[in-house]
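These notes are about the structure you will find just below.
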Amino acid sequence: EPAKVLVSACLMGRPVRYNGSAKALSHPLLERLAAEGRLVVVCPELSAGFSVPRPAAEIADGCDGDAVLTGTAKVIEATGGDVTGLYIAGAHAALKLAVENGCRFALLIDGSPSCGSGFIYDGSFGATKHAGSGVTAALLRQHGIEVFADCQIEALEHRLTSAPTPR
Ligand code: SF4
């Protein structure tokens with residue numbers, strides 16, 4: 001069976017980001033996968049119970065999603081709230097959905113404390129980026145799901161059309 005792809009809801013045009021915006025990506029691959037019923041759409045933060053809009057959040061102290069999952073880093077809101085548990089819950093909800101649907105790949109919006117897979121922000125709320133993964137991307141990778149950032153859609157397309165992946 002062709003591999004399914006877990007995809008960020010905001011990338012599919014749903015206005016679910018913290019500020020109520022979307023980050024729609026228009027690409028023939030997405031149209032084709034949608035037509036073939038191979039997209040599984042998720043917003044980990046909404047799955048965790050957050051609403052729209054919500055405060056911006058970042059992983060604290062320049063840490064990454066792996067550190068959050070091991071309990072050595074926190075996710076904090078710009079307003080000061082500790083939302084670590086909710087971000088972990090959202091990651092597990094996304095992983096469950098991916099496993100239930102047999103997703104071997106994910107295409108996620110970069111920069112998010114949940115969905116980021118290439119870069120995230122450092123917890124200073126000063127728009128300072130560093131290389132690293134959000135909590136959901138880290139958990140998916142720990143479970144063998146190949147995560148691609150939105151800017152890597154061409155690489156995902158190539159991956160999907162190359163040799164089948166054993167798992
Ligand atoms: Fe988009 Fe992911 Fe943030 Fe939800 S958690 S708004 S899907 S980047």
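The values are calculated or read from the model by the stated rules, or taken from the named source; none is laboratory data. The structure presented is a predicted model; accordingly, all values stated were derived computationally and were not measured. All Cβ positions, glycine included, derive from the backbone under ideal geometry; neighbour counts span all protein chains shown.
Report the residue count in region 147-167 for those that are touching a residue at least 12 places away in the same chain (Cβ under 8 Å), of a type in the set (S, T, N, Q) and assigned to a helix (DSSP H, G or I).
Residues in region 147-167 being touching a residue at least 12 places away in the same chain (Cβ under 8 Å), of a type in the set (S, T, N, Q) and assigned to a helix (DSSP H, G or I): 1 in total.
Is it the case that some residue within region 71-79 is out of contact with any Asp or Glu (no Cβ under 9 Å at 6 or more places or on another chain), farther than 25 Å from residue 143 by Cβ, of a type in the set (Val, Ile, Thr) and in contact (Cβ under 8 Å) with a residue 12 or more places away in the chain?
Within region 71-79, one or more residues are out of contact with any Asp or Glu (no Cβ under 9 Å at 6 or more places or on another chain), farther than 25 Å from residue 143 by Cβ, of a type in the set (Val, Ile, Thr) and in contact (Cβ under 8 Å) with a residue 12 or more places away in the chain.
So which residues in region 85-113 are without any contact (Cβ under 8 Å) to a residue 40 or more places away in the chain and of a type in the set (Lys, Arg)?
Correct list: 96 only.
Looking only at region 12-23, count how many residues are surrounded by 14 or more Cβ atoms within 10 Å (Cβ to Cβ) and either of a type in the set (Val, Ile, Thr) or in contact with a Cys (Cβ under 9 Å, 6 or more places away or on another chain) (or both).
Looking only at that region, the number is 5.
What are the residue pairs meeting all of these: first residue in region 30-50, first residue farther than 19 Å from residue 19 by Cβ, second residue among the basic types (Lys, Arg), Cβ atoms under 6 Å, and 6 or more apart or on different chains?
Matching pairs, first to second residue: 38/4; 40/4.
Regarding residue 108, is this residue modelled with pLDDT of 95 or more, over 22 Å from residue 21 (Cα atoms) and surrounded by 15 or more Cβ atoms within 10 Å (Cβ to Cβ)?
Considered against the rule, which asks whether it is modelled with pLDDT of 95 or more, over 22 Å from residue 21 (Cα atoms) and surrounded by 15 or more Cβ atoms within 10 Å (Cβ to Cβ), residue 108 comes out as no.
If only one of 127, 106, 138 is more than 10 Å from the ligand (Cβ to nearest atom), small (Gly, Ala, Ser) and more than 11 Å from the chain's Cα centre (by Cα), which one is it?
Selected residue: 127, the only one of 127, 106, 138 that is more than 10 Å from the ligand (Cβ to nearest atom), small (Gly, Ala, Ser) and more than 11 Å from the chain's Cα centre (by Cα).
Could you please let me know if residue 147 is under 22 Å from residue 27 (Cβ atoms), within 15 Å of the ligand (Cβ to nearest atom) and of a type in the set (Val, Ile, Thr)?
So residue 147 passes the test.
Report, by residue number, each residue of region 109-124 that is under 8 Å from the mean Cα position of the chain (by Cα) and more than 15 Å from the ligand (Cβ to nearest atom).
Within region 109-124, none qualify.
Within region 93-146, considering only strands (runs of 3 or more DSSP E) that don't extend past its boundaries, which have at least 2 residues that are closer than 19 Å to residue 82 by Cα?
By residue number, 119-121.
Conditions (1) surrounded by 13 or more Cβ atoms within 10 Å (Cβ to Cβ); (2) at pLDDT below 95; (3) away from the ligand (no atom under 13 Å from the Cβ); (4) under 18 Å from residue 150 (Cβ atoms), marked per residue:
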residue: 10; (1), (2), (3), (4): yes, no, no, yes
residue: 25; (1), (2), (3), (4): yes, no, no, yes
residue: 35; (1), (2), (3), (4): no, no, yes, no
residue: 45; (1), (2), (3), (4): yes, no, no, yes
residue: 51; (1), (2), (3), (4): no, no, no, no
residue: 57; (1), (2), (3), (4): yes, no, no, no
residue: 65; (1), (2), (3), (4): yes, no, no, yes
residue: 77; (1), (2), (3), (4): yes, no, yes, no
residue: 86; (1), (2), (3), (4): yes, no, no, no
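Just wondering, is there one or more residues in region 45-67 that are assigned to a helix (DSSP H, G or I), of a type outside the set (Asp, Glu) and touching a Lys or Arg at 6+ places or on another chain (Cβ under 8 Å)?
Within region 45-67, one or more residues are assigned to a helix (DSSP H, G or I), of a type outside the set (Asp, Glu) and touching a Lys or Arg at 6+ places or on another chain (Cβ under 8 Å).
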